[in-house]
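The values are calculated or read from the model by the stated rules, or taken from the named source; none is laboratory data. Every value quoted in this text rests on a predicted model; they were computed, and no experiment measured them. Cβ: placed from backbone, ideal geometry, glycine included. Neighbour counts: every protein chain shown. Note: accessible area is taken over every heavy atom of the protein model, side chains too, but ligands, DNA and RNA are not part of it. Shrake-Rupley method; radii C 1.70, N 1.55, O 1.52, S 1.80 Å.
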Amino acid sequence: MAVSALLPWWSCNAFLALVVAAFAEEATSKAGLTGQAATQMVVAAKAQATNAFNSGGLIGTFLGVPLAKHFGRR
């Protein structure tokens, strides 16, 4: 049971930075940014995505028990 939750979490966590970096690099090229500004935008996008992913996991962990008690475990 735990493996079915662990594998998707791991794959999202492992490849999140790569996917976000690709999207951010595309956005920087469309915006015409180069050099230091483009690098800063990519790094900021990766940090924001990682923080959002981890914050969502923390909030989900804390809300799991109250929601299970309220709605039942089945």
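Tabulated data
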read-out: Yes/no for G57 being part of a helix (DSSP H, G or I), among the small types (G, A, S), modelled with pLDDT under 95 and surrounded by 12 or more Cβ atoms within 10 Å (Cβ to Cβ); value: yes
read-out: Options A68, A27, A45: the member that is surrounded by 10 or more Cβ atoms within 10 Å (Cβ to Cβ) and within 13 Å of the chain's Cα centre (by Cα); value: A45
read-out: Pair list, Cβ < 9 Å and 6+ apart or interchain, from segment 31-47 residues that are under 19 Å from L16 (Cβ atoms) and among the small types (G, A, S) to residues that are modelled with pLDDT of 90 or more and open to solvent by 80 Å² or more (accessible area, probe 1.4 Å); value: A45/F23
read-out: Test for L18: is it without any contact (Cβ under 8 Å) to a residue 40 or more places away in the chain, more than 14 Å from the chain's Cα centre (by Cα) and open to solvent by 90 Å² or more (accessible area, probe 1.4 Å); value: no
